[in-house]
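The values are calculated or read from the model by the stated rules, or taken from the named source; none is laboratory data. Because the structure is a prediction, the values reported are computed rather than measured. Here the Cβ positions follow ideal geometry from the backbone for every residue, glycine too, while neighbour counts run over all protein chains shown. Side chains are part of the model used for accessible areas, which takes the heavy atoms of the whole protein and leaves out ligands, DNA and RNA. Shrake-Rupley method; radii C 1.70, N 1.55, O 1.52, S 1.80 Å.
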Amino acid sequence: MSARFEELDWRETSIGTISLRRRWDRSLERDVHEIKLDEEFLMSSLFTVAEVELARLGLAASPAAELDVVVGGLGLGYTARAALEEPRVRSLHVVESLGEVIEWHRRELLPLGTELTSDPRTRLVHDDFFAMVGAGTGFDAEAPRRRFHAVLLDIDHSPTHVLDPSHAWCYEPEGLRRLAEHLEPGGVFALWSDDPPSEEFTAALSEVFDTVRAHVVTFDNPYTGGESSNTVYTAVLGHLERQADGDTGAHLA
């Protein structure tokens, strides 16, 4: 059994104080890793079902035989690991703006650190995902304007509850168009959200992508004794230039 509570690291960053802690949950008899930003919980290893489903649902929507994938937001690493479990994935770029989080994985302070950093398909990129979208040069510094088969994003709490106001533009139609420029034809954009499905955001996606779905992912919550849920949006690009009269294919699932 681990120590009841241990703060593994904390740092001052441009967006606040970020901390990593590990605690022993006696009721579940397991270690729980948590990342906090100031007094707000960003993520917990207790609730990873939707993070895994982000990769599973996003990659399942792509028909490509081989996949080059971008994950926006490293966090505890569950989305990245789930992507690597898909045998079609040949390369994985994980973009994380906080170098401290990348360091925690490389120092093996997090359970998935060794698994992620030792996989030759994985590249951990210390950069601002939203700035990379806006710059137009893409997610691979060695191959500017390289296109990918899937972009899986889990950084903000939701399209309307963002960690930084500078992120908000990316969830609007023009920002989504800029993001789509980094995808291959038939490419997939998938997004994790802590909020219920939003008709407004689904409509914004449908202005850019040809097939849009909002998947409600439910999971057991050991603290409430009931179920909780997140949303995973998947949006598939048909052609870079949308037909003016085409069917958007938008669905709420």
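Hey, quick one: spin label on ALA135, modelled 7 Å out along Cα-Cβ, who in the stretch 161-189 has an amide N within reach, i.e. under 18 Å? The answer is 166-167, 170, 178-183.
Taking the solvent-accessible surface of protein heavy atoms with a 1.4 Å probe, what is the per residue accessible area of the stretch 119-226 in Å²?
On the way: 4910 Å² over 108 residues.
With the other protein chains kept in place, the stretch 119-226 gives 45 Å² per residue.
For the stretch 95-253, the calculated P(r), taken from all Cα-Cα distances in 5 Å bins from zero up to the bin holding the longest distance, is 2, 8, 15, 19, 18, 17, 12, 6, 2, 1, 0 percent.
Using the rule -39500 (n - 2.57) for each DSSP H run of four or more residues, divided by the residues of the chain, the 222 nm mean residue ellipticity is -6000 deg cm²/dmol. A simple spin-label model places pseudo-atoms 7 Å from Cα toward Cβ; at ASP119 and VAL32 they are separated by 2.6 nm.
What a 1.4 Å probe finds exposed on the chain is 47% carbon and sulfur by accessible area, rounded to a whole percent.
Each label was represented as a point 7 Å from its Cα along the Cα-to-Cβ direction; for ALA60 and GLU6 these points are 3.7 nm apart. Sparsely packed loop sites in the stretch 137-197 (the GluC sites (Glu not before Pro) outside DSSP H, G, I, E and B with at most 11 other Cβ atoms within 10 Å) comprise GLU142.
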